[in-house]
């Protein structure tokens with residue numbers, strides 16, 4: 001058919017048919033781009049959190065609609081110059097240009113993610129992205145989908161998008177109660193007009209030996225040191241676990257790791273798929289709420305999600321890092337990048353110490369008749385390590401979450417303005433030389449100083465003599481961090497002091513004396529009952545020696561402070577061989593799943609360089625009796641309900657004088 005005939009054929013088409021043809025092309029392009037974006041996000045995040053990946057994939061579907069509509073408008077304005085349009089076939093021109101544009105944007109999006117690896121020089125990244133976009137875009141534009149494809153795709157698109165946008169079913173990856181557990185019993189309500197406000201501050205990944213009050217000479221923590229001088233310092237505080245979820249769960253419930261249930265593996269192939277709090281675990285927030293308190297939390301660690309039961313009892317549970325995490329994956333979508341450029345993420349998801357402190361101060365300054373329980377959790381000391389810890393750098397967290405392999409720098413090192421290659425070091429795929437290691441440790445120290453300054457702002461308001469209520473506060477951490485002290489890096493894998501010794505400081509003028517408690521080990525399990533006690537509330541009664549108890553007796557009762565049978569455990573590591581740490585008296589004993597034990601003197605050998613197992617066989621035998629049942633449970637646990645105290649464990653405890 002001659003061009004003139006084609007022109008005549010199309011000139012006879014009605015405006016309605018022209019509009020419907022364009023609409024079908026647009027709908028089919030939307031469906032194609034939506035599926036590409038949804039699949040891209042799902043693949044990018046599936047190793048981290050399947051549920052979140054599916055949710056963000058739905059956001060990709062939604063973002064595809066305005067993106068393609070914008071491209072369609074551009075195509076309609078420029079298609080007159082396309083060869084097919086000049087030949088009298090505007091619909092072919094629309095298909096060619098629109099699908100070519102969608103293909104080019106998709107190719108750029110995928111190439112942008114691919115070239116972020118270490119094999120591509122930075123200078124070549126932009127050129128590879130441009131080349132991929134042009135090559136794929138031109139190829140698709142040259143042979144665009146047919147009109148029949150567009151017609152059929154437009155019918156199927158509505159069904160496919162509807163399915164993607166339906167509510168996501170329970171994936172089964174997080175077990176346990178996500179809502180309220182059983183109501184706390186006992187304790188009653190306090191006289192609210194005399195009840196103190198209570199503030200619990202936890203700093204993620206905080207080594208005690210970086211604090212001046214714990215012997216550091218680095219002068220990184222003047223604000224914490226002043227706070228410690230005004231309060232009570234516990235020199236032998238033990239983390240409940242070497243990683244966040246089980247340790248924080250113990251801090252909030254007063255239960256040991258093996259009984260509160262949070263953080264156990266649920267899937268043999270997905271490291272971070274972990275169980276929630278068991279249904280009968282009651283949090284300190286629930287107890288304060290039952291007593292008439294307002295309960296608030298500002299939590300900057302994405303692992304501490306409400307789905308794990310950690311948020312039970314909180315009226316408000318603010319998680320800025322979870323919002324920021326979503327934006328990290330949505331940044332892969334072209335339209336989202338434009339939106340975030342116009343409305344920066346830090347305005348609504350500031351997970352830095354500055355943003356967390358700002359929000360905590362807003363809560364502290366609320367004018368309300370009820371007393372307040374506030375939990376504030378900082379993330380800044382955690383990997384990725386940044387040269388400037390005050391910088392809001394989503395690129396660093398994106399590299400951490402995507403497990404990007406860092407690139408080699410001109411000087412041969414790999415640690416630049418930030419370091420996010422922890423998983424590669426852990427997996428043996430990356431070796432860091434002494435310069436890199438020193439640089440990382442320096443970045444960590446900068447972050448300690450940065451958090452200390454922000455805590456100083458918080459402490460200043462807490463000290464305000466014009467407050468209507470007295471205030472009780474605690475500063476602690478979930479675990480520490482290892483910088484090759486015992487040959488390892490990071491945390492979650494081992495139980496030496498650099499990982500399990502944490503700061504614990506209580507502060508309350510008139511209620512808590514200033515001073516130090518150094519003889520007895522205490523643990524995160526003791527934090528919740530102590531805060532309840534200081535607020536005039538009764539905590540749950542400890543049923544076994546590994547459960548938390550109020551520490552008030554340690555400074556009010558000299559005989560209690562001198563007791564030698566206080567024991568604290570740390571267990572439930574995230575990586576590596578399952579192990580358990582027991583701390584009692586002057587000793588720290590680690591038992592590993594293959595049967596090897598390590599015994600260290602807490603005072604004579606603070607760096608834990610001399611294993612005393614051979615010198616203390618009777619002591620080691622006693623400790624094995626206590627640890628072996630716990631280790632056996634951890635080896636067979638799959639994240640279900642917490643175990644009862646079995647007969648063997650009870651007998652061992654009785655034989656050692658821990659229970660009657």
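I need the full set of residues from region 363-384 which are more than 21 Å from residue 247 (Cα to Cα) and in contact with a strand residue (DSSP E or B) (Cβ under 9 Å, 6 or more places away or on another chain), in order please. Give the steps one after another, and end with the answer.
If we filter region 363-384 for residues that are more than 21 Å from residue 247 (Cα to Cα), which is where we start, we get 363-372.
Matches in region 363-384: 363, 364, 366, 368, 370, 371, 372.
Selection of first residues in region 424-439 that are touching a residue at least 60 places away in the same chain (Cβ under 8 Å) and of second residues that are loosely packed, with under 12 Cβ neighbours inside 10 Å and assigned to a loop (DSSP other than H, G, I, E, B), restricted to Cβ pairs under 9 Å at least 6 apart or on distinct chains, gives the following pairs, ordered by first then second residue: 425/431. Hey, any hits in region 323-331 for a residue that's closer than 25 Å to residue 583 by Cβ and either free of Cβ contacts under 8 Å to residues at least 60 places away in the same chain or touching a strand residue (DSSP E or B) at 6+ places or on another chain (Cβ under 9 Å) (or both)? There is no residue in region 323-331 that is closer than 25 Å to residue 583 by Cβ and either free of Cβ contacts under 8 Å to residues at least 60 places away in the same chain or touching a strand residue (DSSP E or B) at 6+ places or on another chain (Cβ under 9 Å) (or both).
Could you check region 478-488 and list, in sequence order, the residues that are surrounded by fewer than 20 Cβ atoms within 10 Å (Cβ to Cβ) and either in contact with a helix residue (DSSP H, G or I) (Cβ under 8 Å, 6 or more places away or on another chain) or modelled with pLDDT of 95 or more (or both)? Answer for region 478-488, where residues must be surrounded by fewer than 20 Cβ atoms within 10 Å (Cβ to Cβ) and either in contact with a helix residue (DSSP H, G or I) (Cβ under 8 Å, 6 or more places away or on another chain) or modelled with pLDDT of 95 or more (or both): 483, 484, 485, 486.
For residue 396, state whether it is touching a strand residue (DSSP E or B) at 6+ places or on another chain (Cβ under 7 Å) and either part of a helix (DSSP H, G or I) or not assigned by TED's automatic domain parsing to the domain that holds residue 238 (or both). Here the answer is yes, as residue 396 does meet what is asked. Taken together, the criteria place residue 141 among residues that are in contact with a helix residue (DSSP H, G or I) (Cβ under 6 Å, 6 or more places away or on another chain), at pLDDT 80 or above and part of a helix (DSSP H, G or I).
How many residues, within region 79-101, are touching a helix residue (DSSP H, G or I) at 6+ places or on another chain (Cβ under 7 Å) and farther than 13 Å from residue 21 by Cβ? Lay out the reasoning, then the answer.
First, pick out the residues of region 79-101 that are touching a helix residue (DSSP H, G or I) at 6+ places or on another chain (Cβ under 7 Å): 79, 82, 84-85, 87-101.
Filter once more, so that each one left must be farther than 13 Å from residue 21 by Cβ: 82, 84-85, 87-88, 96-97, 99-101.
Total satisfying the criteria: 10.
Results for (1) touching a helix residue (DSSP H, G or I) at 6+ places or on another chain (Cβ under 9 Å); (2) surrounded by fewer than 20 Cβ atoms within 10 Å (Cβ to Cβ); (3) assigned by TED's automatic domain parsing to the domain that holds residue 42; (4) assigned to a loop (DSSP other than H, G, I, E, B), shown as yes or no for each residue.
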position	(1), (2), (3), (4)
323	yes, yes, no, no
328	yes, no, no, no
332	yes, no, no, yes
337	yes, yes, no, no
340	yes, yes, no, no
346	yes, yes, no, no
350	yes, no, no, yes
357	yes, no, no, no
362	no, yes, no, no
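Considering only residues that are crowded, with 19+ Cβ neighbours inside 10 Å and over 18 Å from residue 328 (Cα atoms), which ones fall in region 407-422? Walk me through it before giving the result.
First, pick out the residues of region 407-422 that are crowded, with 19+ Cβ neighbours inside 10 Å: 414-415, 418-422.
Within region 407-422, 414, 415, 422 meet the criteria.
Anything in region 404-426 that is assigned to a loop (DSSP other than H, G, I, E, B) and in contact with a strand residue (DSSP E or B) (Cβ under 9 Å, 6 or more places away or on another chain)? List them, or say none. Selection gives 406, 415, 417, 420. Checking each residue in region 499-531 for being under 21 Å from the mean Cα position of the chain (by Cα) and surrounded by fewer than 24 Cβ atoms within 10 Å (Cβ to Cβ) picks out no residue at all. The set of residues in region 260-301 being assigned to a helix (DSSP H, G or I) and either surrounded by fewer than 22 Cβ atoms within 10 Å (Cβ to Cβ) or without any contact (Cβ under 8 Å) to a residue 24 or more places away in the chain (or both) consists of 286, 289, 290.
Within region 393-404, the set of residues being crowded, with 18+ Cβ neighbours inside 10 Å and touching a residue at least 40 places away in the same chain (Cβ under 8 Å) comprises 394, 397, 398, 399, 401, 402, 404.
The values are calculated or read from the model by the stated rules, or taken from the named source; none is laboratory data. Keep in mind the model is a prediction, meaning the values are calculated, not measured. Cβ: placed from backbone, ideal geometry, glycine included. Neighbour counts: every protein chain shown.
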